[in-house]
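Each remark here refers to the structure printed beneath this line.
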Amino acid sequence: MTHQATPVVAALQREVRVPCDLDTAFRLFTSHIGAWWPLATHGVLGEAASVAFEGDRLVERLGTEVAVWGEVLEHDPPYGFRMTWHPGHGPERATEVSVAFAPDGDDATVVTLTHTGWERLATPEATRENYAGGWTYVLGQFAAGVVRPSV
Amino acid sequence: MSNQAALDALGDPSRRRILELLADHPRSVGDLSSLMPISRPAVSKHLKVLEGAGLVGHTSRGTRNLYALAPDGLAGVQQWLVSTWDRALTSFAEYVAGSTAIGRSEPS
């Protein structure tokens, strides 16, 4: 038996408004990610590490240690990008993050981040029968109530 | 990263299957192993990991333990994810505010 359609799990979505134009917001978010990402608390290799986009990959480095956080799937400057997301894990554990940039007046940009792909973590094998019930419920709990509050 | 134990626990297909089964209703080890292609000791081992990660809890019913989803197990993971992105986006906004203020003499 093959799977029915993968259950759609609510995306986790967050947004933030920043005081600059679209191009600047996109550039600072991507090219300057090492300057603003809170590595001390939200990295794999710790505070002393650095993080940057290297070609299509987002890479954290500390000396000879390397952690690939994900690979860019779509790059559409200055409107957004989409990438796989697996800090601390191999690509087989990837979820997906997309970041969209939209102008909000002349001097502000709204950045919307959407984190999806939980169903990939939930459906590793296409052979499993009787799938649809439980995990959908569990992931429903997991993703419930996180629809775009502003930061 | 915090909540790593929960995320690691979710990384195993047998453990996800156990969570699916427990989502229906609480079950014993024997009940779970009869529904899965793995042995009772293997089920017990997975339950231990899930319990250690705060995803599952158990109550003793006579001579056997009954396992159930921990009410706040996945809420913790969810909260952690939300706080991760909020922290990152707030940090980005602060960085933008700092960068755009430099070189500008803003009238106060």
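The values are calculated or read from the model by the stated rules, or taken from the named source; none is laboratory data. Not measured: the values here are computed from a predicted model. When we count neighbours, we look across all protein chains shown, and the Cβ atoms used for this are built from the backbone with ideal geometry, even at glycine.
Taking the condition of being β-branched (V, I, T) and over 14 Å from the mean Cα position of the chain (by Cα), how many residues in region A:60-89 meet it?
2
Is at least one residue of region B:9-29 modelled with pLDDT under 90 and among the polar types (S, T, N, Q)? Walk me through it before giving the result.
Within region B:9-29, the first condition is being modelled with pLDDT under 90, and the residues that meet it are B:9-26.
Subset that is among the polar types (S, T, N, Q): B:14.
Taking every residue of region B:9-29 in turn, at least one turns out to be modelled with pLDDT under 90 and among the polar types (S, T, N, Q).
Criterion first (more than 23 Å from B:T100 (Cβ to Cβ), assigned to a strand (DSSP E or B) and at pLDDT below 90) does A:H89 satisfy it? First the steps, then the outcome.
Working: more than 23 Å from B:T100 (Cβ to Cβ): yes; assigned to a strand (DSSP E or B): no; at pLDDT below 90: yes.
Considered against the rule, which asks whether it is more than 23 Å from B:T100 (Cβ to Cβ), assigned to a strand (DSSP E or B) and at pLDDT below 90, A:H89 comes out as no.
Having 1 or more residues that are within 9 Å of another protein chain (Cβ to nearest Cβ), without any contact (Cβ under 8 Å) to a residue 60 or more places away in the chain and out of contact with any strand residue (DSSP E or B) (no Cβ under 7 Å at 6 or more places or on another chain) is the bar; report the helices (runs of 4 or more DSSP H) wholly within region B:1-64 that clear it. Steps first, please.
Details: elements: B:4-10, B:13-24, B:29-34, B:40-52.
By residue number, B:4-10, B:13-24.
With respect to B:V96, is the statement that it is at pLDDT 80 or above and at the interface with chain A (Cβ under 8 Å from one of its Cβ atoms) true? Can you show your working first?
Details: at pLDDT 80 or above: yes; at the interface with chain A (Cβ under 8 Å from one of its Cβ atoms): yes.
Yes.
Restricting to region A:1-34, and then to whatever is at pLDDT 85 or above and small (G, A, S), can you tell me which residue is surrounded by the most Cβ atoms within 10 Å (Cβ to Cβ)?
A:A25
Which one is surrounded by the most Cβ atoms within 10 Å (Cβ to Cβ) among residues in region A:35-76 that are within 16 Å of B:F92 (Cβ to Cβ) and away from chain B (no Cβ under 14 Å)? Walk me through how you get there before you give the answer.
First, pick out the residues of region A:35-76 that are within 16 Å of B:F92 (Cβ to Cβ): A:35-43, A:51-53, A:58, A:69.
Then drop every residue that is not away from chain B (no Cβ under 14 Å), which leaves A:52-53.
Numbers: A:A52: 16, A:F53: 18.
Restricting to residues being within 16 Å of B:F92 (Cβ to Cβ) and away from chain B (no Cβ under 14 Å), the top hit is A:F53.
Taking into account only those residues within region A:93-119 that are in a loop (DSSP other than H, G, I, E, B) and in contact (Cβ under 8 Å) with a residue 12 or more places away in the chain, which is surrounded by the most Cβ atoms within 10 Å (Cβ to Cβ)? Write out each step before concluding.
Residues of region A:93-119 that are in a loop (DSSP other than H, G, I, E, B), as a first pass: A:94, A:104-108, A:117.
Right, trim to in contact (Cβ under 8 Å) with a residue 12 or more places away in the chain and you get A:94, A:104, A:106-108, A:117.
On the way: A:A94: 19, A:D104: 16, A:D106: 6, A:D107: 12, A:A108: 16, A:G117: 16.
Among them, the one singled out is A:A94.
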